[in-house]
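These notes are about the structure you will find just below.
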Amino acid sequence: GAGVSQSPRYKVAKRGQDVALRCDPISGHVSLFWYQQALGQGPEFLTYFQNEAQLDKSGLPSDRFFAERPEGSVSTLKIQRTQQEDSAVYLCASRVGAADTQYFGPGTRLTVL
Amino acid sequence: AQKVTQAQTEISVVEKEDVTLDCVYETRDTTYYLFWYKQPPSGELVFLIRRNSFDEQNEISGRYSWNFQKSTSSFNFTITASQVVDSAVYFCALSEKGGSNYKLTFGKGTLLTVNP
């Protein structure tokens with residue numbers, strides 16, 4: 001079975017550009033998470049979906065960050081008007097049920113110039 | 001307040017040595033889970049082990065073992081007979097039940113370098 005996939009793996013954006021990062025969770029996994037990992041740090045929670053419902057977006061750093069999962073499968077994290085401080089690795093994870101183990105994708109490394 | 005503390009920033013060992021990675025956590029929940037993940041240079045977080053708050057039995061899985069002690073809020077991880085391929089950043093993580101959807105809170109990680 002395929003794991004969590006993310007695309008693109010690398011993204012370079014000029015400051016002020018909009019970017020969209022995609023996550024394909026493991027088939028059948030109800031829950032989906034986005035995390036942001038700054039260089040040399042542990043991942044930090046951004047947002048959480050259960051099916052298509054976004055139940056927690058408390059970790060999104062600003063209103064420039066937006067996430068969706070319209071059909072309860074693929075998710076997109078969008079960052080508008082990117083800033084240099086947005087440079088990080090964005091990790092997606094999925095799990096079957098509420099207390100189950102989260103499995104991570106390879107991440108998207110975003111560099112904002 | 002930091003919920004997961006990994007005091008060791010970097011550890012360097014020689015191949016075949018045993019190495020223990022320390023993790024101290026903080027929670028008010030009685031139901032929670034603890035995890036160790038490995039992040040090799042490729043960047044993907046790889047799940048290693050998981051423990052729930054009601055099970056303090058320590059186990060061994062291959063070259064991995066862990067020591068979970070609720071009394072000291074510690075969840076230490078040991079690699080026996082380390083190998084060069086074990087070189088990676090290791091993260092300890094906590095997920096709590098209390099209104100947090102069991103999202104993961106990570107420590108800052110420990111960089112393990114195993115030298116041949």
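Coordinate-derived values only; no laboratory data. Predicted model, so just to flag it, every value in this text is computed and none were measured. Glycine also receives a Cβ, built like all others from the backbone with ideal geometry; neighbour counts cover every protein chain displayed.
For segment B:1-97, a crude dipole built from +1 on the beta carbon of Lys and Arg and -1 on the beta carbon of Asp and Glu, taken about the Cα centre, is about 260 debye to the nearest 20.
Close lysine pairs were tallied over the protein assembly as shown: pairs 8 or more places apart or on different chains with Cα atoms under 16 Å apart number 9. Look at where the Cα atoms of segment A:56-103 and of segment B:44-116 average out, and the two centres are 24 Å apart. Sites listed here are trypsin sites (Lys or Arg not before Pro) in segment A:64-110 whose DSSP assignment is loop and whose Cβ has at most 16 other Cβ atoms within 10 Å: A:ARG64, A:ARG81. Here the Karplus relation 6.51 cos²θ - 1.76 cosθ + 1.60, evaluated at θ = phi - 60°, turns the backbone of segment B:47-57 into coupling constants of 5, 10, 9, 8, 9, 9, 5, 9, 10, 8, 5 Hz, with x for every Gly and Pro. Magnitude of the charge dipole for chain A, about its Cα centre and with charges confined to Cβ atoms of Lys, Arg (+1) and Asp, Glu (-1), is about 420 debye.
Over the protein assembly as shown, all Cα pairs binned in 5 Å intervals from 0 give whole-percent P(r) values of 1, 7, 14, 18, 18, 17, 13, 8, 4, 1, 0, listed from short to long.
Each Lys or Arg adds one and each Asp or Glu takes one away; over the other residues whose Cβ falls under 10 Å from the Cβ of A:GLN17, this sums to +3.
Comparing B:PRO40, B:PHE75, B:PHE54 along the charge dipole axis of chain B, the residue lying farthest to the positive side is B:PHE54, per the Cβ-charge model.
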